[in-house]
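To keep things clear, I will list the structure first and then write my remarks on it.
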Amino acid sequence: MVMLQGVKYMTDFEAKKAILDIGKRMYDKGFVAANDGNISCKTGPNTIWTTPTGVSKGFMTQDMLVKMDLEGKVLMGKLKPSSEVKMHLRVYKENPELQAVTHAHPPVATSFAIAGISLDSAILTEAVMGLGSIPVAKYATPGTQEVPDSIAPFVNSHNGVLLANHGALTWGKDIYQAFYRLESIEYYATILMYTGNVIGRQNVLSCSQVSKLLDIRKKLGVTSGGIPPCAACETNNRDIVTSDDVRPAEPVELMRIGASKPDEELPPLKGVTPIVKPKDELMTEVVRRVIEELRQEETGWN
Ligand SMILES: [Zn+2]
């Protein structure tokens, strides 16, 4: 590491080594196919090392990497930088404290990006603490100025963004944080898909549970990241020992942290289990089950 103008940066050697290492991991994890994806890392207030165009991120060597200034001028390297480096440069311009950017097309997160669905459900404690919510930036033609313009509004408020019909982009205070956020986005998207579309049921964290996670996030020094809507009532405050303990799925009302009542604009989430139910509803449920049981006995089903 080297100290420049009071800020720690990776040296050229460290940055290039880290880019190769992360490129290989990105490729091995299936986050990119063929020559997709790009990575950049700052080595000073106005310089970055980045990946070239037309090369698989799994098979890069140091001599393929490109050094640029933040205006986009190539300073070193025999290959051309990716045309997508424009969005990296925009991230650094929007927030000079960020030191690395990663971009890939991880399949589950990219599927959400194609569906135009943000990763915005309070269902996974680690995701609430480490990522927050991940919005979908509006569609932009790859390689054009539209792409940096589409992501700019989210750089200071979020930790990453999905690019509509394209992929995922993350940033961080160092290259590892940027890459871990990319990994976390794919993991979060996978859990959202399994619970929402395979199991078909999600117990959303309540607003008080989310508030506590946000306190932890602050203590961890993470000051950015969106806040997903939370359940107006607790959905997970008792032990579930057998499948009989699972209440029937009903829509649960969602609200924003700090709001006094459920948000009318947020559609209630279907397929979730509100644990706190009015007493008469519970009684109806018990009576329904008893009658069902008796009927089964009568017809000799058991
Ligand atoms: Zn891409």
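The values are calculated or read from the model by the stated rules, or taken from the named source; none is laboratory data. Since the model is a prediction, treat every value here as computed from it, not as a measurement. We place every Cβ from the backbone using ideal geometry, glycine too, and count neighbours over all the protein chains shown. SASA here: full protein model, heavy atoms, side chains in, ligands and nucleic acids out. Shrake-Rupley method; radii C 1.70, N 1.55, O 1.52, S 1.80 Å.
For the pair the stretch 129-172 and the stretch 90-116, the centres of their Cα atoms are 5 angstrom apart.
Please go through the stretch 1-79 and write out the trypsin sites (Lys or Arg not before Pro) that DSSP classes as loop and that have at most 12 other C-beta atoms within 10 Å.
Passing both the DSSP loop test and the Cβ count: K73, K78.
Amide H to amide H, with H built 1.01 Å from N, L269 comes under 5 Å of V252, L254, counting only residues 5 or more places away or on other chains. Cβ distances below 4.7 Å define possible disulfide partners, and in the chain the cysteines left without one are C41, C233. Beta bridges from DSSP with both residues in the chain: antiparallel share about 90 percent, rounded to the nearest 5.
Per-residue ellipticity at 222 nm, computed for the chain from helices alone with -39500 (n - 2.57) per DSSP H run of at least four residues, works out to -10500 deg cm²/dmol. Solvent-accessible area of the chain (1.4 angstrom probe, protein heavy atoms only): carbon and sulfur portion equals 56 percent.
What the Cβ-Cβ distance of D215 and N237 gives, at R0 = 22 Å and to the nearest 0.05, is a FRET efficiency of 0.70.
With a/c under 1.5 counting as rounded, go ahead and sort the stretch 185-276 into rounded, prolate or oblate using the C-alpha gyration tensor (a ≥ b ≥ c being the square roots of the eigenvalues; past the cut-off, prolate if a/b is larger than b/c, else oblate).
Prolate shape, in that a/c is at least 1.5 and a/b is the bigger ratio.
Between the listed residues F154, L269, Q62, the Cα displaced farthest toward the positive end of the dipole of the chain, a dipole computed from Cβ unit charges relative to the Cα centre, is found at Q62. The residues of the chain expose on average 52 square angstrom of accessible surface per residue, using a 1.4 Å probe on protein heavy atoms. Longest stretch of the chain clear of exposed loop sites (GluC sites (Glu not before Pro), DSSP loop, at most 16 other Cβ atoms within 10 Å, sites excluded): 98-263.
To the nearest 20 Debye, how big is the dipole of the stretch 2-199 about its Cα centre, given +1 on the beta carbon of each Lys and Arg and -1 on that of each Asp and Glu?
The dipole of the stretch 2-199 has a size of about 380 debye.
Counting only protein chain heavy atoms and rolling a 1.4 Å probe, the accessible areas of V7, V286, V108 rank, largest first, as V286, V7, V108.
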